[in-house]
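Shown next, in structure tokens, is the structure this report addresses.
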Amino acid sequence: MFTNIVSWLAVLMILVSSTGMVLSRDWRWTLGLCAGQYLAAFWLVSLHWPVGLASVKLVTGWMSIATLGLTRLNQLEDVDLLESFWPHQRWFHFFLAGIIILLTAAASPVIESILPGLGLPVVVGSVLLIGMGLIHLGITSSTLRVILGLLTFLCGFEILYAAIEGSILVAGLLAMVNLGLALIGSYLLAAGDMESVDTGFDDLESGP
């Protein structure tokens with residue numbers, strides 16, 4: 001009974017954090033909400049994996065967030081996140097999140113009946129993260145947002161996969177994929193910053 005209550009609390013945390021990531025314009029809040037996602041995912045994964053193995057998911061996720069956060073913090077320019085979203089209205093993003101929530105509520109019982117033994121909280125949490133990750137990939141062109149969308153999508157997939165397969169090798173490979181995405185995102189953020197610096201120097205050299 002206690003485990004079931006905590007599992008639904010983890011699903012609620014995923015709902016709040018993933019929706020907040022879609023609506024947020026501050027990259028600091030977005031990274032913080034993503035950290036909350038990984039904490040909830042850790043609990044759902046631990047329902048089927050040993051705690052030690054499930055903690056790999058938590059540590060890897062937080063390391064990925066820390067890598068992206070440090071890179072973004074050291075950027076020279078503070079890019080306006082409103083320019084990277086289409087369209088800019090928050091109500092539209094809230095509408096998209098609502099659609100994902102309704103689809104999750106409708107599809108999760110069906111998936112749980114097809115794959116019995118997973119647990120409804122696990123299915124709801126994973127489908128919700130996958131859907132919210134797809135929203136990120138569809139409404140933004142920001143490098144940081146795209147990487148976070150991929151990490152969110154992958155996090156949802158890992159929750160569902162952990163309930164089916166408990167391979168240590170697969171857990172290690174998924175951890176490497178998470179860290180690889182974070183490193184690629186950090187490189188792209190740094191490369192974009194250096195490109196803006198080079199453009200600024202070119203403008204100075206071509207000036208009077």
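The values are calculated or read from the model by the stated rules, or taken from the named source; none is laboratory data. Since the structure is predicted, the reported quantities are computational estimates derived from the model, not experimental observations. We place every Cβ from the backbone using ideal geometry, glycine too, and count neighbours over all the protein chains shown.
Only residues that are farther than 22 Å from ASN4 by Cα and either crowded, with 19+ Cβ neighbours inside 10 Å or in contact with a helix residue (DSSP H, G or I) (Cβ under 7 Å, 6 or more places away or on another chain) (or both): list them for segment 49-59, please. Outline the logic, then answer.
Pass one, segment 49-59, residues farther than 22 Å from ASN4 by Cα: 56, 59.
Matches in segment 49-59: VAL56 only.
I'd like to verify a number: residues in segment 86-132 that are buried (at least 16 other Cβ atoms within 10 Å of the Cβ), over 14 Å from LEU160 (Cα atoms) and without any contact (Cβ under 8 Å) to a residue 60 or more places away in the chain, how many?
Of the residues in segment 86-132, 1 are buried (at least 16 other Cβ atoms within 10 Å of the Cβ), over 14 Å from LEU160 (Cα atoms) and without any contact (Cβ under 8 Å) to a residue 60 or more places away in the chain.
Out of everything in segment 1-15 that is in contact (Cβ under 8 Å) with a residue 12 or more places away in the chain and of a type in the set (Val, Ile, Thr), what residue ends up being farthest from THR152 (Cα to Cα)?
Top of the filtered list is THR3.
Just checking, how many residues over segment 19-40 are of a type in the set (Gly, Ala, Ser) and closer than 21 Å to ALA163 by Cα? Write out each step before concluding.
Filtering segment 19-40 for residues of a type in the set (Gly, Ala, Ser) gives 20, 24, 32, 35-36, 40.
Subsequent filtering for residues that are closer than 21 Å to ALA163 by Cα retains 36, 40.
Residues that pass the stated criteria total 2.
Please name all residue pairs, on different chains or six or more residues apart, with Cβ atoms under 7 Å, provided the first residue is in segment 152-180 and is surrounded by 13 or more Cβ atoms within 10 Å (Cβ to Cβ) and the second residue is part of a helix (DSSP H, G or I) and acidic (Asp, Glu).
Final answer for the pair search is LEU174/GLU158.
What residue, among those in segment 29-48 that are more than 11 Å from the chain's Cα centre (by Cα) and free of Cβ contacts under 8 Å to residues at least 12 places away in the same chain, is surrounded by the most Cβ atoms within 10 Å (Cβ to Cβ)?
We begin by selecting, within segment 29-48, every residue more than 11 Å from the chain's Cα centre (by Cα); these are 29, 39-40, 42-48.
Checking which are free of Cβ contacts under 8 Å to residues at least 12 places away in the same chain leaves us with 29, 46.
Details: TRP29: 13, SER46: 20.
Filtering first and then ranking leaves SER46.
Name the residue that is farthest from the chain's Cα centre (by Cα), counting only residues in segment 127-145 that are at pLDDT 90 or above and of a type outside the set (A, V, I, L, M).
Among them, the one singled out is GLY131.
List, please: which pairs have Cβ atoms under 8 Å, are six or more places apart or on different chains, and start with a residue in segment 56-69 that is within 14 Å of THR143 (Cβ to Cβ) and end with one that is among the basic types (Lys, Arg) and in a helix (DSSP H, G or I)?
GLY69/ARG28
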